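The values are calculated or read from the model by the stated rules, or taken from the named source; none is laboratory data. Keep in mind that what you see is a predicted model, and the values were worked out from it rather than measured. Backbone-built Cβ (ideal geometry, glycine too); neighbour counts: all protein chains shown. For the accessible areas, the whole protein counts, side chains as well, though only heavy atoms, and no ligand, DNA or RNA atoms are used. Shrake-Rupley method; radii C 1.70, N 1.55, O 1.52, S 1.80 Å.
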Amino acid sequence: MTGKTIAIKSHDGGTFGAYMAVPAAGSGPGLVVLQEIFGVNGHIRAIADRWAEEGYVVLAPDLFWRLKPGVELGFSPEDVQVAREYGQRFDDENGVRDIGATIAALTSEPAFKGKVGAIGYCMGGRLAFLAGARLGIDAAVCYYATRMENFLNEAESVRCPIMFHFGGKDLAIPPDSREKIRAAFNSYDDAEFYVYADAGHAFNNDRRESFDPFAAQLARSRSIGFLRKALGPRYDLSALWDNHTAQEFNHRDVDATMASMTSDAYVNHIPTMTGGYGFEELRRFYDNHFIPRLPADTRIVPVSRTVGPDRVVDELLFCFTHTCEIDFMVPGIAPTGKYVEVPLVAIVEFRGDKIYNEHIYWDQASMLLQLGVLDATGLPIAGIETAKKLKGQG
């Protein structure tokens with residue numbers, strides 16, 4: 001995704017830049033991404049691009065422009081010290097006014113449709129809260145918001161849904177500070193609080209040592225669901241997944257299958273570690289090792305489906321007669337002619353209306369036993385009985 005920098009006029013006559021990213025659909029609800037103390041650097045631009053993938057028209061304003069335009073710091077000890085100095089000198093009041101100007105610019109963009117929210121990180125988390133209290137936005141998400149104590153009297157002014165994410169080991173926001181924030185919203189039904197026990201400060205920043213991929217993924221999934229509900233856009237993930245599997249198993253169309261996925265998608269079949277990472281590798285996998293290796297009578301029997309804000313979890317029975325070598329599932333085993341039914345689980349993550357990844361699990365031992373290539377003597381495994389029990393027959 002390619003963004004651009006636009007110029008925004010401030011309330012007092014100045015001009016500052018903002019990084020803009022637009023979704024592939026060309027329009028969508030608005031989202032203001034509010035920076036950490038390191039400026040609108042590569043990390044913040046990448047965050048803006050990711051949110052644009054989810055369907056939002058995104059602006060990330062340069063909030064340090066009054067101190068120095070175009071601040072872009074890295075995360076070395078020297079950069080951290082400089083960033084802290086900027087953070088101490090930053091004026092929140094002018095910052096909120098500049099966010100107001102950013103919202104005005106965003107809502108005047110032809111690509112903007114619908115509602116507008118704010119999401120901020122560290123310093124930006126505090127400012128997202130203040131935007132929710134003062135600027136009439138439709139949703140606010142605050143990641144590890146620092147220095148909020150002096151503004152908690154404004155909690156009662158928040159009229160939009162608001163979400164907070166904290167690291168349980170965040171030394172910058174100790175437990176008593178978190179509890180003060182929580183207490184300020186105790187009577188507010190539209191406030192959500194999440195603490196990630198093993199995460200520290202900046203756990204969402206994948207360019208810092210403090211990055212916690214599991215906390216970051218869970219927080220992002222929660223934020224997507226929260227923003228979808230408050231702002232849109234809304235996607236029918238179940239129908240999108242059904243279309244993808246129809247292209248794979250019914251139409252056996254590689255191009256249509258790939259068209260349903262992001263350009264950096266990946267597939268991982270966990271038991272055999274087969275699949276592909278990135279568009280070209282994944283396309284080769286589908287073209288050479290997946291679609292042409294499906295037995296003619298392949299059948300998928302749905303058992304259950306769970307749909308979340310950004311993923312679908314399917315519990316299935318994968319049924320086929322082993323009439324060809326299935327090198328993505330049982331590589332190196334010549335056709336046995338045996339009929340197989342094996343329980344399978346697919347966890348499918350979306351970015352917007354495209355599939356980003358698939359994690360596929362199945363009972364490999366049961367499959368090998370049904371094919372007659374595994375001796376089960378003394379082993380706690382079962383064959384087709386696992387499928388029968390899943391169907392309520394055993």
per DSSP, antiparallel bridges as share of beta bridges in the chain, % nearest 5, sits at 60 percent
Reported to the nearest 10 Å², Leu240 has, with a 1.4 Å probe, an accessible area equal to 50 Å²
Taking only the alpha carbons of region 218-305, the radius of gyration and the largest Cα-Cα distance, Dmax, both in angstrom, are 15.3, 45
Whole-percent carbon and sulfur contribution to the accessible surface of the chain (1.4 Å, no ligands, DNA or RNA) stands at 51 percent
Regression test value, accessible area per residue of the chain, probe 1.4 Å, units Å², expected 44 Å²
Subtracting the Cα-Cα distance of Asp92 and Asp375 from 0.36 nm times their residue separation yields 95.0 nm
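Report, in order of residue number, the helices in the chain meeting two criteria: a C-alpha extent of 15 Å or more along the helix axis, and a mean Kyte-Doolittle hydropathy of at least 0.5; treat each whole DSSP H run as one helix.
123-134
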Going residue by residue through region 326-331, the Karplus relation 6.51 cos²θ - 1.76 cosθ + 1.60 with θ = phi - 60° gives ³J(HN,Hα) values, rounded to whole Hz and with x marking Gly or Pro, of 9, 6, 8, 10, 9, x
Leu237 neighbourhood, Cβ < 15 Å, K/R = +1, D/E = -1, net charge -2
Two pseudo-spin positions, 7 Å from Cα along C-beta at Asp189 and at Thr336, lie apart in nanometres by 5.7 nm
Net charge (Lys, Arg +1; Asp, Glu -1) of residues whose beta-carbon lies under 14 Å from that of Arg50, Arg50 excluded, is -2
With every protein chain in place, the accessible area of Asp12 for a 1.4 Å probe, in Å² rounded to the nearest 10, comes to 90 Å²
Across Ala83, Ala256, Ala239, the residue with the highest GNM fluctuation in the chain (Cα network, 10 Å cutoff) is Ala239
FRET efficiency (Val307, Asp12; Cβ distance; R0 35 Å; to 0.05) is 0.15
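Set the bar at 30 Å for Cα to Cα. Now go through Lys115/Lys354; Lys4/Lys229; Lys9/Lys180; Lys354/Lys389 and name every pair that lies beyond it.
Those over the limit are Lys9/Lys180; Lys354/Lys389.
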Looks like region 262-307, by Cα gyration tensor root eigenvalues a ≥ b ≥ c and the a/c under 1.5 rounded cutoff (else prolate when a/b is bigger than b/c, oblate otherwise), is oblate
Expressed as a whole-number percentage, the relative contact order of the chain with C-alpha contacts under 8 angstrom and at least six residues apart is 10 percent
Here region 310-375 gives, from Cα atoms, an Rg and Dmax in Å of 14.1, 45
Note, Ala376: beta-carbon cut-off 15 Å, +1 each Lys/Arg, -1 each Asp/Glu, net -2
Toy charge model, Lys and Arg Cβ at +1, Asp and Glu Cβ at -1: the chain dipole around Cα centroid in debye, rounded to 20, equals 560 debye
Along the dipole axis of region 108-180 (charges at Cβ: +1 for Lys and Arg, -1 for Asp and Glu; origin at the Cα centre), the most positive-end residue among Phe151, Pro174, Gly117 is Gly117
Region 1-64: relative contact order from alpha carbon pairs under 8 Å, six or more residues apart, as a whole percent, is 39 percent
Stretched fully, the stretch from Lys68 through Glu281 gains (0.36 nm per residue minus C-alpha distance, one decimal, in nm) 72.3 nm
